[in-house]
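A.B. asks: To start, I am sharing the structure in question, which I have written as structure tokens.
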Amino acid sequence: MKHVLLPLLLLPAPLRLLAADSTIPAPVNIPALPKTASGWRTGAKVLVYTGLTAVTYRFGDAAIRRFTQSKLTAPERDVSRAISHLGEDRYAWMACGALTVAGFCRRNERMRHTSAIWAGGLALSDFATGRLKYGIQRHRPSSGSAYNSFDGPGGPRRHTSFSSAHTATAFATATAFALAYREKRWVAPVSYGLASLVGASRITNNAHWASDVLVGAAIGHLSVRASDWLYRKVGEGRARSKAKKVVAF
């Protein structure tokens with residue numbers, strides 16, 4: 001089992017470098033986010049994360065693949081395949097839809113907030129990973145090709161390793177709940193822990209290189225943060241509009 005969990009070391013720590021906070025006030029009943037760090041600090045975090053991903057690509061992808069595929073046992077492979085299903089896009093959309101219905105039926109603003117930023121993040125991450133997959137056309141490790149094998153945008157559209165859509169979906173889901181329920185300290189560790197398991201499973205399943213997973217995690221995380229920023233902006237606009245109507249009345 002340790003060979004299944006080893007790739008987890010690649011994910012949580014560097015991902016936290018991208019967790020720049022928003023300054024947008026929250027709608028009613030949703031915890032406001034703390035003040036953001038200065039622009040240069042956010043830029044530094046992005047640069048460090050990008051550097052870690054580049055180093056993983058150049059020096060880690062092939063070595064991690066060799067290690068996991070040489071050490072993995074049959075039961076570990078079965079566990080890894082089962083975990084990988086948690087990152088399937090269709091299940092995330094189904095769960096998001098159910099949460100949306102529940103939020104409106106119960107008139108629960110927190111649930112509506114979660115489902116809204118979740119849906120927006122899933123849409124953004126789906127778009128981004130799709131463009132990268134067919135624009136870069138990186139060969140999967142299971143193809144037997146080297147880690148640096150790419151077909152480019154003019155390729156046969158058979159090789160879609162970069163980036164990991166399963167990981168992007170898992171981290172979009174984790175980020176949506178971590179942001180919406182940030183005052184509950186157990187939510188973020190559990191959410192990101194499950195998402196990291198999905199990312200690790202894509203490596204141990206020989207479906208993605210480690211750098212594919214790191215990029216997918218960043219895409220999912222940032223997609224939901226962008227969706228959350230937009231949601232709060234819309235909430236601000238509605239609040240100002242209502243305030244103007246009250247004053248005019």
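The values are calculated or read from the model by the stated rules, or taken from the named source; none is laboratory data. Predicted model only: the values in this text are computed from it and were never measured. Counting neighbours? That spans all protein chains shown, and the Cβs are built from the backbone with ideal geometry, glycine included. Only protein heavy atoms, including side chains, enter the accessible area calculation; ligands, DNA and RNA are left aside. Shrake-Rupley method; radii C 1.70, N 1.55, O 1.52, S 1.80 Å.
A.B. asks: In 5 Å bins starting at zero, report the fraction of Cα pairs in region 160-243 per bin as a rounded %.
C.D. replies: Per 5 Å bin, starting at zero, the Cα-Cα P(r) for region 160-243 comes out as 3, 17, 21, 18, 15, 11, 7, 4, 3, 2, 0, 0 percent.
A.B. asks: Turning to a different aspect of this structure: If I model a spin label at Met94 and Ser70 as a point 7 Å from the Cα along the Cα→Cβ vector, what separation in nanometres do I get?
C.D. replies: Computed distance between label sites Met94 and Ser70 equals 4.0 nm.
A.B. asks: With N set to the number of residues, divide the alpha-carbon radius of gyration of region 186-225 by 2.2 N^0.38 Å and report two decimals.
C.D. replies: 1.19
A.B. asks: Right, here's the next one. Please calculate how many Å² of accessible area region 95-200 carries per residue, with a 1.4 Å probe and no DNA, RNA or ligand atoms counted.
C.D. replies: 45 Å²
A.B. asks: How high is the relative contact order of region 93-170, in percent, with contacts defined as C-alpha pairs under 8 Å that are six or more residues apart?
C.D. replies: 26 percent
A.B. asks: How are the alpha carbon pair distances in region 86-194 distributed across 5 Å bins from zero to the largest one, expressed in percent?
C.D. replies: The calculated distribution, bin by bin, is 2, 13, 18, 18, 15, 12, 8, 7, 4, 2, 0.
A.B. asks: Under 11 Å from the Cβ of Leu122, count the other residues' Cβ atoms, weight Lys and Arg +1, Asp and Glu -1, and hand me the total.
C.D. replies: Once positives and negatives cancel, what remains is -1.
A.B. asks: Separate question: Could you size up the charge dipole of region 122-190 around its Cα centre, putting +1 on the beta carbon of Lys and Arg and -1 on that of Asp and Glu, and report it in debye to the nearest 20?
C.D. replies: Its charge dipole is roughly 40 debye.
A.B. asks: A further question follows. Which length gain, in nm to one decimal place, applies between Tyr134 and Val187 when the Cα-Cα distance is subtracted from 0.36 nm times their residue separation?
C.D. replies: 15.7 nm
A.B. asks: Now for a separate question. What ranking do 161-172, 55-66 get when scored by the average of other Cβ atoms within 10 Å per residue, highest first?
C.D. replies: Output ranking for 161-172, 55-66: 161-172, 55-66.
A.B. asks: Just the Cα atoms of region 45-122, one point each, no solvent: what log10 I(q)/I(0) does Debye give at q = 0.12, 0.14, 0.25 Å⁻¹?
C.D. replies: Log-scaled intensity ratios, in q order: -0.65, -0.78, -1.02.
A.B. asks: Roughly speaking, what is the stretch gain from Ser142 to Ala63, that is 0.36 nm per residue apart minus the C-alpha to C-alpha distance, in nm to one decimal?
C.D. replies: Going from the current span to full extension adds 27.0 nm.
A.B. asks: Tell me, what % of the accessible area of region 67-123 is carbon and sulfur with a 1.4 angstrom probe?
C.D. replies: The C+S portion of the solvent-accessible surface of region 67-123 is 63 percent.
A.B. asks: Which percent of the accessible area of region 141-228 is formed by carbon and sulfur heavy atoms (probe 1.4 angstrom)?
C.D. replies: Taking all protein chains in place, region 141-228 shows 59 percent carbon and sulfur surface.
A.B. asks: Shifting gears a bit: Whose amide H sits under 5 Å from the amide H of Thr160, counting only residues 5 or more places off or on another chain, with H placed in the peptide plane?
C.D. replies: When sequence neighbours closer than 5 places are left aside, the close amide H contacts are Arg140.
A.B. asks: Please list 43-50, 178-185 highest first by mean number of surrounding beta-carbon atoms within 10 Å per residue.
C.D. replies: Per-residue Cβ counts within 10 Å, averaged per peptide and sorted highest first, yield 178-185, 43-50.
A.B. asks: Read phi for every residue in region 62-78 and hand back ³J(HN,Hα) as whole Hz from Karplus 6.51 cos²θ - 1.76 cosθ + 1.60, θ = phi - 60°, with x for Gly and Pro.
C.D. replies: Values, residue by residue: 5, 5, 5, 4, 4, 5, 5, 6, 7, 9, 5, 8, 4, x, 5, 5, 5 Hz.
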